[in-house]
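Shown next, in structure tokens, is the structure this report addresses.
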Amino acid sequence: MTHRTIHLFRKGLRLHDNPSLVGALESSEVVYPVYVLDRAFLEGSMATGALRWRFLLQSLQDLQSSLAARGSLLYVLQGSHEAVLRQLIQQWSITQLTFDTEVEPFYTQLDDRLCALCKELGVVVHSCVAHTLYDVKRIIKANDGEPPLTYKKFLHVLSILGEPDTPARDITLQDFQKCKTPVEDGREGQYQVPSLEDLGIEVDVEVLWPGGESHGLKRLEKHIESQGWVVNFSKPRTIPNSLLPSTTGLSPYFSLGCLSVRSFYYRLSNIYAQSKNHSLPPVSLQGQVLWREFFYTVASATPNFTKMAGNPICLQIHWYENQVALDKWRTAQTGFPWIDAIMTQLRQEGWIHHLARHAVACFLTRGDLWISWEEGMKVFEKYLLDADYSVNAGNWMWLSASAFFHQYTRIFCPVRFGRRTDPDGQYLRKYLPVLKNFPSKYIYEPWTAPLEVQLEAGCVIGKDYPLPMVNHLEVSQRNMALMRQVRSEQANTAQLTRDVADDPMEIGMKREYRDQRPSEDFPEKTERANKRFSPEGEHKSLSCNWVSDTIRLPELSGEVM
């Protein structure tokens, strides 16, 4: 049967590796590419700040341009998914609806409603997995119907499943010459992407991360060109307070699906195949992708994954409710320059390094303020361009030691952690200009500077910049005792996400630091693939994105890092 098809874009705002769109083009005489800007759905699912709205609209504009270059058109309509699609199905005599499969509960609920609508109207539904490496249901099925709750177990399951599906073929001008889009239906600009002003959203900061597939591909190609950088990439060696991103900076494009994670994975595999010595998971680029997949899998089958209450894998902790302290953290008024600079960059740019995320998350939760990880998750959700339901919640549980991470005695010092990689405080001077004239000796602890130094710097602490809101050493010791008690009382819950034999945070990175030995013959590709997924291989469990314990922290037997 030859269909008249609506392809519904949601995430997956790209033309490369888009299997559901390929399927639509190959089975239809007419395809209408559609994006429903369902503001109630988007804002009801996740907090969406102005910067991410701008990134989304830019991504839609980019997709619209890419489709236009292929003789097609992106139909952008505002309203609820059900109401808009009901109207279009009837107006355009649609017989098939295609879209990408998503795993978040708000998307699965939407999918159920759309399938019911299509059944009512006699429309065929076709969907494909494209936002993750694997169909997470396959991973869960291979693990006896339960999500693997540790990274080691997860890798074991992947070793059974083998490599993920290869990316779908590219979509070309010829596809839309064979399968037309009735572009005349989009005349007079009635289906154009709305502006921020149309949506009543104000953004007054420059664009540092332009949205869209074409920008994401350019950033990807820039990194791929340097194959030496790719094969030697080790996340621990990236700098949290560098003035330019020291990682790939691709996460916003993966989050919205402007870039395909499968395409990235296989591009990396091809580069690794040409090198006898390359970094391995968890610190490698491919290791970051696998950690993303782990959190997607666990989140898809864990009730209330973004909450503490009702979440079976999360420790139930009596966090403090302190709105004043939370607001100081959120608005960069803690009195700790390293923490405040990070939170300023987050609000201004929508991106911060994963170790910077470590620092502010630890400070808010188990390190200093003892405030719930849910509150921090909401702030990140609002401001981060790469905000992601599964990864964001998983990481906050990790850094708060509520799940996945068990070395709760390791606490990030809000002074020494940043000073180690930026002793002169250039990062602080950029994001906290009120402190820019402080001598390097004092800039991480400006309250220790003599009054005459403060006056000369034009910033009196307690007047022009706040005093530290807590005594870090005192509160961190107190919080460590509280966490010890919680984990003792809820030992069974803590064990759910802990490997019996190996704790991920105890493994270290022996590939990075072991003695150099003569190279041996490189194994065959199939052996490399098995080793990559083998829980007994060199890639022992650390975490991806921003949760990996990439810097060894001393035990708190009298000293906090």
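Cβ separations smaller than 8 Å between residues 6+ apart or across chains give the following pairs from segment 219-232 residues that are closer than 15 Å to residue 286 by Cα and polar (S, T, N, Q) to residues that are in a helix (DSSP H, G or I) and modelled with pLDDT of 75 or more: 227/271. Cβ-Cβ contacts under 8 Å between residues 6 or more apart (or on different chains), taken from a first residue in segment 108-133 that is more than 24 Å from residue 22 (Cβ to Cβ) to a second residue that is open to solvent by less than 50 Å² (accessible area, probe 1.4 Å) and among the small types (Gly, Ala, Ser), are absent. Return the residues of segment 182-198 that are surrounded by 15 or more Cβ atoms within 10 Å (Cβ to Cβ) and modelled with pLDDT of 90 or more; say none if nothing qualifies. The answer is 191, 192, 193. Say whether the condition of being buried (at least 18 other Cβ atoms within 10 Å of the Cβ), within 20 Å of residue 265 (Cα to Cα), at pLDDT below 85 and within 19 Å of the chain's Cα centre (by Cα) is met by at least one residue in segment 209-217. No; the residues of segment 209-217 include none that is buried (at least 18 other Cβ atoms within 10 Å of the Cβ), within 20 Å of residue 265 (Cα to Cα), at pLDDT below 85 and within 19 Å of the chain's Cα centre (by Cα).
Of all residues in segment 312-346, those that are aromatic (Phe, Trp, Tyr) and out of contact with any helix residue (DSSP H, G or I) (no Cβ under 6 Å at 6 or more places or on another chain) total 3. Scan segment 437-461 for residues that are touching a residue at least 12 places away in the same chain (Cβ under 8 Å), more than 30 Å from the chain's Cα centre (by Cα) and in a loop (DSSP other than H, G, I, E, B) and the total you get is 7.
Beta carbons closer than 7 Å, at least 6 apart along the sequence or on distinct chains, pair a first residue in segment 413-431 that is on the phi > 0 side of the Ramachandran plot with a second that is hydroxyl-bearing (Ser, Thr, Tyr) and outside any helix (DSSP H, G or I) for 425/444. For segment 19-43, a tally of residues being under 21 Å from residue 193 (Cα atoms) and touching a residue at least 40 places away in the same chain (Cβ under 8 Å) returns 12.
Just one of the listed residues (37, 25) is touching a Lys or Arg at 6+ places or on another chain (Cβ under 8 Å) and open to solvent by less than 30 Å² (accessible area, probe 1.4 Å), namely 25.
Annotation: of all residues in segment 42-58 being of a type in the set (S, T, N, Q) and in a helix (DSSP H, G or I), the one that is modelled with the lowest pLDDT is 45. Among the residues of segment 237-277, the one identified as at pLDDT 90 or above and on the phi > 0 side of the Ramachandran plot is 257. Applying a threshold of 6 Å to beta carbon distances and a minimum spacing of six or more residues, or different chains, the list of pairs starting in segment 303-331 at a residue that is farther than 18 Å from residue 483 by Cα and ending at one that is part of a loop (DSSP other than H, G, I, E, B) and of a type in the set (Val, Ile, Thr) reads 328/334. Take the conditions (1) within 13 Å of residue 171 (Cβ to Cβ); (2) of a type outside the set (S, T, N, Q); (3) part of a loop (DSSP other than H, G, I, E, B); residue 103 misses just one of them, which is (1).
The values are calculated or read from the model by the stated rules, or taken from the named source; none is laboratory data. These figures come from a predicted structure and were not determined experimentally. All Cβ positions, glycine included, derive from the backbone under ideal geometry; neighbour counts span all protein chains shown. Side chains included, ligands, DNA and RNA excluded: accessible areas come from the protein's heavy atoms. Shrake-Rupley method; radii C 1.70, N 1.55, O 1.52, S 1.80 Å.
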